[in-house]
Structure formats: structure tokens, C-alpha cells
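Novice: My questions all concern the structure below.
The values are calculated or read from the model by the stated rules, or taken from the named source; none is laboratory data. Quick caveat, the model's predicted, so the values are computed rather than measured. For neighbour counting, all protein chains shown are included, and Cβ atoms are generated from backbone atoms with ideal geometry for every residue, glycine included. Accessible surface is based on the protein model in full, side chains and every heavy atom, while ligands, DNA and RNA are left aside. Shrake-Rupley method; radii C 1.70, N 1.55, O 1.52, S 1.80 Å.
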Amino acid sequence: MINTQELSKQQQKSKETKGRIFHAAKTILQQKGYEALSIKNICEEAGVSNGSFYHHFKTKDDLLSYYIEENPSINPDLLALPSNAEEAKTTIVHVYLNYVQYCRELGVSFMANYYTPKNQSLNPDTRTERPYPIVTVSSYLQKSIEAGTISLKHSLEDVSTDIRMIVIGNVFEWCLKSGDADFETNMRRSLESYLDGVIE
């Protein structure tokens, strides 16, 4: 028989270790940049073994992606089907305003170092494991199309790519201006303008 209290302690310990590893990675990113981010450096900073790191994460990019993409995600199953195009647009904007808030929590320095072409976890062609925002939005749009409540002027793949590029552009602008850009307003305006033209 499984001791649920013991399992709970193990889960708590696992969560604490993951948090320590991430805090170490965040510190290195903020102080030295992406180039200095190695599993060896992360483990030394966190005071954990390599084995402990690999127990929780596959790679350093997997670690960063866990926090940037999984933590603020909204389960597609919890997104109710829209009754019309306007509801769908509002929901998509909501998903990304949630992401903006999370980016703010992580800070400009972290985000600026995360959004680098060297970070292959950003490449949608090589990773689809986690329900990060664009996967959440694509799933939501797919379900809405199948239910007949909306239609798209372009393919779902093209629309998903466009949304991803708009979001990356807004994050980049915010980082470029050291957090002085009106992140929320810019994200809302650019997404709403685009979505008005493609969702019917």
C-alpha cells in the first residue's frame, strides 16, 4: 500500500529541487547571459548533482521552457468553445495577456536572454511536448473550427505562425526598451488587429 503522506513529501521535495535548479538558471541568465548557461554551471549554482538535474529536465532549454511555457499555460480543455468570432478573439488575447504577466514576473533580463536564436526550445518544429501558449491557442482554434463557431481566412498553421511571431515581436520590443514599452497595450493592440483580419 502506498503511503500518500510520504508521496506528498517526495512531491514537495521534487518541487523544491526543481525550483532551486530554476532559480540557479535564472541567476546565471541575469548575471552572465545565455552563453554562460550550462548544466554544469546550473548544478553548481543550485548545489545539486547532474543526476538530479537530468531526473527533472532533459536539457537546459527544457528547464527554461518548463517555467516559461508550462507554468503560465491555460489548459485547452478549460477554454470553453466560443459562440462567435468575437469571443474567440477575446480568449486568445486573454491567453497572451496572461503570458505578458508571467514575462513581467520573470523579468526583462531573463526574457531577453531566453529569446535568443540559440535557444532551440523556441523552435516549434523541434518541440511540441508541452502545452505552451501557441499550442493552447492552436488547439482552441482547431476545436472552434470543428464546432463550426469560427472560420479562418488562412490555414490554421499560418495563423498559429503569425500569432507566434507577433508575440515574439512584442516580447522583443519590451526587452529592447528595458521594460519601458507598454507591454500589455502593445500585445493587445497587435493581436486584436491581426485577429480581426483572420477570424470570421
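Novice: In region 64-85, is there at least one residue being under 30 Å from S139 (Cα atoms), at pLDDT 85 or above, under 18 Å from the mean Cα position of the chain (by Cα) and not polar (S, T, N, Q)? Give the steps one after another, and end with the answer.
Specialist: Going residue by residue through region 64-85, those that are under 30 Å from S139 (Cα atoms) are 64-85.
Cutting the leftovers down to at pLDDT 85 or above gives us 81-85.
Imposing the further condition that a residue be under 18 Å from the mean Cα position of the chain (by Cα) reduces the set to none.
No, region 64-85 contains no residue that is under 30 Å from S139 (Cα atoms), at pLDDT 85 or above, under 18 Å from the mean Cα position of the chain (by Cα) and not polar (S, T, N, Q).
Novice: Among the candidates T185, T161, T128, which residue alone is open to solvent by 40 Å² or more (accessible area, probe 1.4 Å), modelled with pLDDT of 95 or more and either in a helix (DSSP H, G or I) or closer than 30 Å to A36 by Cβ (or both)?
Specialist: Details: T161 fails: modelled with pLDDT of 95 or more; T128 fails: modelled with pLDDT of 95 or more.
The conditions single out T185.
Novice: Select from region 162-200 the residues that are β-branched (V, I, T) and in contact (Cβ under 8 Å) with a residue 24 or more places away in the chain and write down the one among them that is farthest from L81 (Cα to Cα).
Specialist: Here is the first cut: in region 162-200, the residues β-branched (V, I, T) are 163, 166-168, 171, 185, 198-199.
With in contact (Cβ under 8 Å) with a residue 24 or more places away in the chain added as a condition, the list becomes 163, 166-168, 171, 198-199.
Details: I163: 19, I166: 24, V167: 23, I168: 26, V171: 28, V198: 18, I199: 14 Å.
My answer is V171.
Novice: Let me ask you something else. State which residue is farthest from G179 (Cα to Cα) when the search covers only region 93-119 and only residues that are assigned to a loop (DSSP other than H, G, I, E, B) and open to solvent by less than 50 Å² (accessible area, probe 1.4 Å). Talk me through it step by step, then tell me what you get.
Specialist: So the first thing to find is which residues in region 93-119 are assigned to a loop (DSSP other than H, G, I, E, B), and the list is 107, 115-119.
Remaining after also requiring open to solvent by less than 50 Å² (accessible area, probe 1.4 Å): 107, 115-116, 119.
On the way: G107: 8, Y115: 15, T116: 17, N119: 21 Å.
Only one residue tops the list, namely N119.
Novice: Yes or no: K18 modelled with pLDDT of 85 or more and among the basic types (K, R)? Please lay out each step first, then the result.
Specialist: Numbers: modelled with pLDDT of 85 or more: yes; among the basic types (K, R): yes.
Considered against the rule, which asks whether it is modelled with pLDDT of 85 or more and among the basic types (K, R), K18 comes out as yes.
Novice: List the pairs whose first member sits in region 103-123 and is more than 14 Å from I28 (Cβ to Cβ) and aromatic (F, W, Y), whose second member is assigned to a helix (DSSP H, G or I) and open to solvent by 40 Å² or more (accessible area, probe 1.4 Å), and whose Cβ atoms are under 8 Å apart, counting only residues at least 6 apart or on separate chains?
Specialist: Short answer, once both residue conditions are applied: Y115/I168; Y115/F172.
Novice: List pairs: first in region 34-61 and closer than 13 Å to A24 by Cα, second at pLDDT 90 or above and open to solvent by 80 Å² or more (accessible area, probe 1.4 Å), Cβ under 7 Å, 6+ apart or cross-chain?
Specialist: Close Cβ pairs satisfying both conditions: I39/N50; C43/N50; A46/R20; V48/R20.
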